Amino acid sequence: MNAARRMERQQHRTAWLFLLPLLLTLAAVAIWPLGRSIFFSFTDAYLDAPSDYGFVGFDNFVEVADDPVFWGAVTNTLVFTLVSVALETLLGLAIALLLHRAFLGRGIVRAAILIPWAMPMVVSARIWEWMLNDQFGLINKLLVALGLVEKGIAWTADPSLILGTVIFIDVWVTTPFMVLLILAGLQLIPEEIYEAAEVSGVPHWKRFWSITLPLAMPAIGVAILFRSLDALRMFDLSYVLAANNENTMTMSIYARDQLISFQDLGLGAAASTWVFMIIGMIAIVIVGLLRLDRAAG
Amino acid sequence: MFEWNRKPFWKENGMASVTLRNVSKTFGTYDVIRSIDLEIEDGEFVVFVGPSGCGKSTLLRLIAGLVPVSGGDVFIGGDQVTDVPASKRGLAFVFQSYALYPHMNVARNIGFALETARLGKDEMRRRVARVADMLKIGHLLERRPRQLSGGQRQRVAIGRALVGQPEVFLFDEPLSNLDADLRMEMRFEIAKLHADVRTTMIYVTHDQTEAMTLADRIVILNHGKIEQVGRPRALYDRPANRFVAGFLGSPRMNFAPLETAGAAVSMLRGAGGFTYAADLAAAEGTPVELGLRPESLQLVGADVKGAIRGTFERMEDLGYEYLCYVRLTETLVWTIRATGSPPQITPGEPVGLTWQPESLYLFGEDGRRIDHRTSIPLSLGASS
């Protein structure tokens, strides 16, 4: 009895020992910086002299919350996330279903479709910026040649178009990622289940709706979660295309502006903490809605 | 007990015979099925059996329409269905893996195909309940497949097949994933099911016990071709060829090569001093191999007249019966199977083997069985 308990305790100790390197690494690269960031958000420190600070309580948080530019950035980010992830999910599911069928040259198509995602976002953003240029861009040239417009459209300058352009480029870049994740989910569904449904006379739409979709849901859910978290902290695409244009400014760009452009460490840290809390809350909601915590069962 | 009212579109009189005419299937350059002709009558229980890779599962899938034929025609109930999709053939398929829908409970698994049949909720529930009662899974209706045992899953899979009131049941090794006891129980239940519903059933297995016990007729397949079709007893007693003789029966038939001498009355000689004077006047071909089933051999003393001789190798006592292994030559070990208490023989001891002449099988060069009778009342004594 006693010996058994001692052995159990020893096993627990060994388990913690094995976990220790990971915990230390996590503490160094995640918990410590996060703690520091939250700590600074309660101070009036500036980036040029971070060791010279005084505590200001929640002043920084209030100041960020009072700034309409911040809420504009939050709105931009949410619109961007919602629309781009929705489009990417639908397109990803459709393309994954196509690629799931065996056809000649599937391997090549599957590899080719990855190219947009394999390119660095900065490169993709620059390529599209050129193609969408209002005077020299390929897209406008095409539209004019086809007689659809009279003169080039300023896709990346017109305030009413620019967020749409950002979303379009993001969909182009990250749909392959969705395709791959959903395709992996589809390939886990045993073929015999479909054969069973087929023999019993279940029509195609019903097979998709009642078998494919529910069984691929865990994979789709994980893909949505990954993409949403990624989209919520989006920085590069908007920044390359429009720097701190308020029409495309994301939460991350806002925080970066406070911290780097205005050198205000306290305010920047408070903005970052806001971003952290908003993303955390949304993540909890997504996990709860999609029941990802229970999907394994 | 069942109203078989949902007839597939081609049905007129409810007859569901299955006919294969010159059916073949090629995957790439590999011929899986080579022009098979087969008639299965309405209500018949036919078992496809053969070694792995013989094409038996592919043949079943061709009938189901899950795999298109490369050539030939498939008829169900007298109508050509070669190009009719699987979903319109009015069949039911039970898979080895059960292929249950993992995200649906048992009730929905059984009733899923009825959801698009516009039956109404009550009628659907009634049918599901009736099938579930019949298979004794009524208490499991709310469970998910992963909460069920193998035997219960198999019952759900059968229930799913049953609820559609199909004209033909197709079973693809349905019992292979079950342990021995459950397999016996389910075998019994499937036989009972067939007796109850009297629907045509085609059943694929590699297990000859299932084939022997369930089938009205057995189809033995090898390399994509039919070796023999017939009643289980007929196949066992009068195998068409060496393959069938070796495939049915466990432990398998003992074989030994032969040398022949003489013409009308052939003196056949083989291992262990085997000598047999056969009257082959009416038979075609020259026997090159002999076959004797383990249960038709008797273990006797080495000096008994008419016995062939070998060395005792090993004994396996299985309780009700025992198996003996006797070495005839360096490469030839025969199995003897008998009931009762095993004799006490030490390994290495010389022993003799005898048999009744009518239990001896002879096979020709092409493997075909050769009819024969002895020209001398009893086999001659062993020559030394």
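Since residue B:143 meets every condition but one in (1) closer than 25 Å to residue B:22 by Cα; (2) within 14 Å of chain A (Cβ to nearest Cβ); (3) not acidic (Asp, Glu), which condition does it not meet?
(1)
Report every pair of residues separated by at least 6 positions or lying on different chains whose Cβ atoms are under 6 Å apart, first residue within region B:134-145 and of a type in the set (Gly, Ala, Ser), second in a helix (DSSP H, G or I) and at pLDDT 90 or above.
Listed pairs, sorted by first residue: B:138/B:132.
Of all the residues that make up region B:118-133, how many are away from every other protein chain (no Cβ under 14 Å) and surrounded by fewer than 21 Cβ atoms within 10 Å (Cβ to Cβ)? Before the answer, list the steps.
The first filter runs over region B:118-133 and keeps only residues away from every other protein chain (no Cβ under 14 Å), leaving B:120-123, B:125-126, B:129-130, B:132-133.
Filter again for surrounded by fewer than 21 Cβ atoms within 10 Å (Cβ to Cβ), leaving B:120-123, B:125-126, B:129-130, B:133.
So the count comes out to 9.
Restricting attention to region A:263-277, does a residue exist that is within 29 Å of residue A:159 (Cα to Cα), under 14 Å from the mean Cα position of the chain (by Cα), modelled with pLDDT of 90 or more and part of a helix (DSSP H, G or I)?
Yes.
Would you call residue A:127 surrounded by fewer than 20 Cβ atoms within 10 Å (Cβ to Cβ), more than 14 Å from chain B (Cβ to nearest Cβ), touching a residue at least 12 places away in the same chain (Cβ under 8 Å) and under 28 Å from residue A:89 (Cα atoms)? Break it down into steps so the answer makes sense when it comes.
Numbers: surrounded by fewer than 20 Cβ atoms within 10 Å (Cβ to Cβ): yes; more than 14 Å from chain B (Cβ to nearest Cβ): yes; touching a residue at least 12 places away in the same chain (Cβ under 8 Å): no; under 28 Å from residue A:89 (Cα atoms): yes.
In short, no.
Cβ contacts < 7 Å: first residue over 20 Å from residue A:177 (Cα atoms) and more than 7 Å from chain B (Cβ to nearest Cβ), restricted to region A:200-228; second residue among the hydroxyl-bearing types (Ser, Thr, Tyr) and surrounded by fewer than 19 Cβ atoms within 10 Å (Cβ to Cβ), any location; separation 6+ or different chain. Result?
Going by the 7 Å Cβ cut-off, the qualifying pairs are A:207/A:194.
Identify the residue in region B:76-85 that is in contact with a strand residue (DSSP E or B) (Cβ under 9 Å, 6 or more places away or on another chain) and surrounded by fewer than 21 Cβ atoms within 10 Å (Cβ to Cβ) and, among all such residues, is farthest from the other protein chains (Cβ to nearest Cβ).
Keep residues of region B:76-85 that are in contact with a strand residue (DSSP E or B) (Cβ under 9 Å, 6 or more places away or on another chain), which gives B:76-78, B:80-82, B:84.
Next, from what is left, pick out any that are surrounded by fewer than 21 Cβ atoms within 10 Å (Cβ to Cβ): B:78, B:80, B:82, B:84.
On the way: B:78: 20, B:80: 19, B:82: 16, B:84: 12 Å.
The residue in question is B:78.
Tell me, which helices (runs of 4 or more DSSP H) wholly within region A:197-256 include 2 or more residues that are under 21 Å from residue A:91 (Cβ atoms) and among the β-branched types (Val, Ile, Thr)?
It comes to A:213-232.
Please go through (1) in contact with a helix residue (DSSP H, G or I) (Cβ under 7 Å, 6 or more places away or on another chain); (2) within 14 Å of chain B (Cβ to nearest Cβ) for residue A:166 and return the number of the only condition it doesn't satisfy.
That leaves (2) as the condition not met.
Could you please let me know if residue A:151 is part of a helix (DSSP H, G or I), more than 14 Å from chain B (Cβ to nearest Cβ), without any contact (Cβ under 8 Å) to a residue 60 or more places away in the chain and over 29 Å from the mean Cα position of the chain (by Cα)?
Working: part of a helix (DSSP H, G or I): no; more than 14 Å from chain B (Cβ to nearest Cβ): yes; without any contact (Cβ under 8 Å) to a residue 60 or more places away in the chain: yes; over 29 Å from the mean Cα position of the chain (by Cα): yes.
Spelling it out, it is not the case that residue A:151 is part of a helix (DSSP H, G or I), more than 14 Å from chain B (Cβ to nearest Cβ), without any contact (Cβ under 8 Å) to a residue 60 or more places away in the chain and over 29 Å from the mean Cα position of the chain (by Cα).
I'd like the residue in region B:91-117 that is in contact with a strand residue (DSSP E or B) (Cβ under 9 Å, 6 or more places away or on another chain) and more than 8 Å from every other protein chain (Cβ to nearest Cβ) and, out of all such residues, is modelled with the lowest pLDDT.
B:96
What number goes with the only condition from (1) over 30 Å from residue A:162 (Cβ atoms); (2) aliphatic (A, V, I, L, M); (3) free of Cβ contacts under 8 Å to residues at least 24 places away in the same chain that residue A:277 does not pass?
Failed condition: (1).
Is one or more of the residues making up region B:41-53 modelled with pLDDT of 95 or more and in contact with a His (Cβ under 8 Å, 6 or more places away or on another chain)?
Looking for residues that are modelled with pLDDT of 95 or more and in contact with a His (Cβ under 8 Å, 6 or more places away or on another chain), one finds at least one in region B:41-53, hence yes.
Just to be sure before I move on: is residue A:142 farther than 25 Å from residue A:240 by Cα and either at pLDDT 90 or above or outside any loop (DSSP other than H, G, I, E, B) (or both) in the structure I sent?
Numbers: farther than 25 Å from residue A:240 by Cα: no; either at pLDDT 90 or above or outside any loop (DSSP other than H, G, I, E, B) (or both): yes.
It is false that residue A:142 is farther than 25 Å from residue A:240 by Cα and either at pLDDT 90 or above or outside any loop (DSSP other than H, G, I, E, B) (or both).
The values are calculated or read from the model by the stated rules, or taken from the named source; none is laboratory data. From a predicted model like this one, the values you see are computed outputs, not experimental measurements. Counting neighbours? That spans all protein chains shown, and the Cβs are built from the backbone with ideal geometry, glycine included.
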